[in-house]
Amino acid sequence: MTKVNLLLNLPLLDLYQAAAGLGRANMSSMLAPQADRVMALSEWEDRWQEGRIGFHRPQVNKMLEKNIDKVLNGRTGVRFFFPLCGKAVDMKWLADLGHSVVGVEISEKGIRDFFEENNMTYSVETVASLPGAKVFKSSEKNISLYQCDLFNFSSSIEGQFGAIWDRGSLVAINPRDREKYAALIISLMATDCRYLLNTVLYNTELHKGPPFVVPDEQVHTLFGSHCSIELLNSVEALTDRYRSWGLDYFTEIVHLLIPKTS
Ligand code: SAH
């Protein structure tokens, strides 16, 4: 971004923050109960091994389906990035539509389950530039899943992407890693990238997470200097699962982020 652009964008950001002045006080009190929560990678693997994967959905995500035209923006054969992909069936859906998918997931079980449950054969290779990592590639579809810590992944491995679908990812990483996460995601965005981001809101006094709450205002502080940000949907989604956590509301928010240089 040029210096001029940066300067031009500042007043807008200030304006946003001033308008959200009240929200800012709310934001810190909203974030405080979860700020120090840390999930070790081994805890995620335990969840996979024990089948405690309530985050997984057997159907294609409604928010993705609803907004796919905005993400594609007329393009075909788009390269999608799935941070913290789990075994999301959305990856197969996109590959069936002719797009390609690169995902990153720490759980080898999650990755193998994805291919096996979708009746896909796959190969496994080591990754020269990522010691300890493996890449699982579908033999028929254009899907490559890297088994590694997301924070070891970079644009030197698969280049940049034309789209990112972030469901259960920004909300799943430890809250203290958000700035690092935003920097990584920005570095993976091609200039024409369209980043669909699903976040959640609920009363953080009532549930420790994950998923962790990411207020809209924080989406702006994390990505606002590099991306234009559009709020697409805000949907009340309280289900029995969330009621059983003691929650009284559970809102799913979707933003579309586009690099300012595009
Ligand atoms: N996006 C998927 C999975 C969400 S749950 C979905 O919507 O279904 C979060 C996933 O991220 C888990 O599968 C967990 O194993 C994985 N994970 C958590 N931290 C990670 C990290 N630092 N690097 C890679 N994978 C991670």
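Report yes if some residue within the stretch 131-140 is of a type in the set (D, E, K, R), part of a loop (DSSP other than H, G, I, E, B) and in contact with a Ser or Thr (Cβ under 8 Å, 6 or more places away or on another chain); otherwise report no.
yes
What are the pairs with Cβ atoms under 7 angstrom where one residue, in the stretch 101-112, is touching a residue at least 60 places away in the same chain (Cβ under 8 Å) and closer than 14 Å to VAL89 by Cβ and the other, located anywhere, is within 9 Å of the ligand (Cβ to nearest atom) and assigned to a helix (DSSP H, G or I)? Sequence gap at least six, or different chains.
Sorted first by the residue in the stretch 101-112, then by its partner, the pairs are GLY110/TRP48.
Which of the residues belonging to the stretch 31-49 are of a type outside the set (S, T, N, Q) and away from the ligand (no atom under 12 Å from the Cβ)?
LEU31, ALA32, PRO33, ALA35, ASP36, ARG37
Restricting to the stretch 95-143, what's the tally of residues that are crowded, with 19+ Cβ neighbours inside 10 Å, out of contact with any Asp or Glu (no Cβ under 6 Å at 6 or more places or on another chain), within 27 Å of GLU50 (Cβ to Cβ) and not aliphatic (A, V, I, L, M)?
Qualifying residue count for the region: 8.
Go through (1) away from the ligand (no atom under 14 Å from the Cβ); (2) part of a strand (DSSP E or B); (3) of a type in the set (Val, Ile, Thr) and name the single condition VAL213 misses.
(2)
Which condition from (1) in contact with a helix residue (DSSP H, G or I) (Cβ under 9 Å, 6 or more places away or on another chain); (2) over 25 Å from ILE229 (Cα atoms); (3) of a type outside the set (Ser, Thr, Tyr); (4) modelled with pLDDT of 95 or more is the one that GLY51 breaks?
Among (1) in contact with a helix residue (DSSP H, G or I) (Cβ under 9 Å, 6 or more places away or on another chain); (2) over 25 Å from ILE229 (Cα atoms); (3) of a type outside the set (Ser, Thr, Tyr); (4) modelled with pLDDT of 95 or more, GLY51 violates only (1).
Considering only residues that are among the polar types (S, T, N, Q) and under 25 Å from VAL235 (Cα atoms), look in the stretch 55-112 and name the one that is nearest to the ligand (Cβ to nearest atom).
The residue in question is ASN61.
Restricting attention to the stretch 113-146, report how many residues are within 14 Å of the ligand (Cβ to nearest atom), of a type in the set (D, E, K, R) and out of contact with any strand residue (DSSP E or B) (no Cβ under 7 Å at 6 or more places or on another chain).
Of the residues in that region, 2 qualify.
Mind listing whichever residues of the stretch 147-193 are part of a helix (DSSP H, G or I), crowded, with 18+ Cβ neighbours inside 10 Å and near the ligand (Cβ under 8 Å from one of its atoms)?
LEU150
Taking the stretch 149-203, which residues are among the β-branched types (Val, Ile, Thr), under 21 Å from MET39 (Cβ atoms) and touching a residue at least 60 places away in the same chain (Cβ under 8 Å)?
Passing the criteria: ILE173, ILE185.
Just wondering, is there one or more residues in the stretch 208-230 that are at pLDDT 95 or above, over 15 Å from the mean Cα position of the chain (by Cα) and surrounded by 21 or more Cβ atoms within 10 Å (Cβ to Cβ)?
Among the residues of the stretch 208-230, at least one is at pLDDT 95 or above, over 15 Å from the mean Cα position of the chain (by Cα) and surrounded by 21 or more Cβ atoms within 10 Å (Cβ to Cβ), which makes the answer yes.
On the given criteria, is TYR249 within 26 Å of GLY54 (Cα to Cα), assigned to a helix (DSSP H, G or I) and free of Cβ contacts under 8 Å to residues at least 60 places away in the same chain?
no
Would you check if there is a residue in the stretch 242-262 being at pLDDT below 95, β-branched (Val, Ile, Thr) and either touching a His at 6+ places or on another chain (Cβ under 8 Å) or surrounded by fewer than 19 Cβ atoms within 10 Å (Cβ to Cβ) (or both)?
Looking through the stretch 242-262, at least one residue is at pLDDT below 95, β-branched (Val, Ile, Thr) and either touching a His at 6+ places or on another chain (Cβ under 8 Å) or surrounded by fewer than 19 Cβ atoms within 10 Å (Cβ to Cβ) (or both).
Looking at this structure, is THR76 among the polar types (S, T, N, Q) and within 21 Å of PHE153 (Cα to Cα)?
no
The values are calculated or read from the model by the stated rules, or taken from the named source; none is laboratory data. Quick caveat, the model's predicted, so the values are computed rather than measured. Quick reminder, even Gly has a Cβ in these numbers, built from the backbone with ideal geometry, and neighbours come from all protein chains shown.
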